[in-house]
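S.K.: Dropping the structure in here first, questions after.
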Amino acid sequence: MDKFERLLNLTAALLNASHPLSASELRERMAGAYSEDKTAFRRMFERDKADLRAIGVPIEVSTLYRLDPPVEGYRIPARAYVGRDVRFDPDELAALHLATNLVRLEGGSGAGLARLGGAASAGAAGSVEEVGELPFHDSLGKLVAAAIGHREVSFAYRDAERRVEPWRLSFHRGHWYLVGWDVGHSEERMFRVDRIDSEVTELGDASRPVGEGPDPRTLRPWEFGAGKPVEVRVLVDADQASWACHRAGVDGERRPDGSIVLTLQVRDAAALRSFVVEFLEHAEVLDPDWLRDEVKTWLEALV
């Protein structure tokens, strides 16, 4: 889990807490986000608290006398965090505030977000260093809030209405991806956020437990996309076999002459064509026949 995702999850945990939580309770709620080593956890947790406070997140500290011995407890009081004149729910504003202070949004965050409590003013004391520049989409706030609140949403995607229970949002190679449960298709799915064609509408509580789902950081270009993957076999000559296996992330089936057959799960045929053409005459699609013919026609059109 990267720093941005960890801070977002920490903010959500503190904001949604009905009572102050100890550091140990937070580590249990955010399993996998922090080191199992207590000393390393404490160092990272203290840095995260300092970063959140530096961008104006009001972390409230109190003594937990319910524990023996008493320890410090932490929570974010929703009213103090939201402010007075906003049009966002607390979870949505929390996500907006954190995201716009840790990254430089495409086109700049602007004065409007600063007035909403979203972005710290330039040169503000204690400001934290930006992680990077990310594109911003209007649906991000609602999707993050739905994932935090375990709520089902609907939106139009590729000319079809989708009902989704969001689990996680990830940023990879210039795009935001939503991972969750596609209610209509009864399976885990990944959606590119900038391809959502409508407003995101909240429908109610999600019914399934949160799962892992695909991670865009581990997928190959031809594995992205909607729908069922197609099994494709690609033959690569011996002198390019090792490099092809490395690029594809699979071992493949070695033939007696040293060539190799890669079996790939393909959702994006165009991305697969780009992969095959990297090897020029040293690679060819074996099957399915329809994809082999499509690649052949595409190559002939380039001549």
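The values are calculated or read from the model by the stated rules, or taken from the named source; none is laboratory data. It should be emphasised that the depicted structure is a prediction, and the values quoted were computed from it without experimental measurement. A quick note on method: Cβ atoms are made from the backbone with ideal geometry, for glycine too, and the neighbour counts reach across all protein chains shown.
S.K.: Name the residues in the range 29-49 that are in contact with a strand residue (DSSP E or B) (Cβ under 9 Å, 6 or more places away or on another chain) and modelled with pLDDT under 85, would you?
M.R.: R29
S.K.: Another one. Of all residues in the range 9-27, count the ones that are at pLDDT 85 or above and surrounded by fewer than 16 Cβ atoms within 10 Å (Cβ to Cβ).
M.R.: Number satisfying all stated conditions: 2.
S.K.: Can you pull out every residue in the range 162-187 that is surrounded by 17 or more Cβ atoms within 10 Å (Cβ to Cβ) and not in a strand (DSSP E or B)?
M.R.: Hit for the range 162-187 is V183, nothing else.
S.K.: For the range 250-303, name all the residues that are under 23 Å from L219 (Cα atoms) and of a type in the set (F, W, Y).
M.R.: F275, F279
S.K.: I would also like to ask the following. Looking at the range 208-289, what strands (runs of 3 or more DSSP E) fall wholly within it and have at least 3 residues that are within 32 Å of the chain's Cα centre (by Cα)?
M.R.: Details: elements: 230-236, 260-266, 283-287.
Because the criterion is at least 3 residues that are within 32 Å of the chain's Cα centre (by Cα), the strands (runs of 3 or more DSSP E) in the range 208-289 that meet it are 230-236, 260-266.
S.K.: Taking the range 200-259 as the search range and keeping residues that are surrounded by 12 or more Cβ atoms within 10 Å (Cβ to Cβ), in contact with a His (Cβ under 8 Å, 6 or more places away or on another chain) and farther than 15 Å from F279 by Cα, which one is modelled with the highest pLDDT?
M.R.: A206
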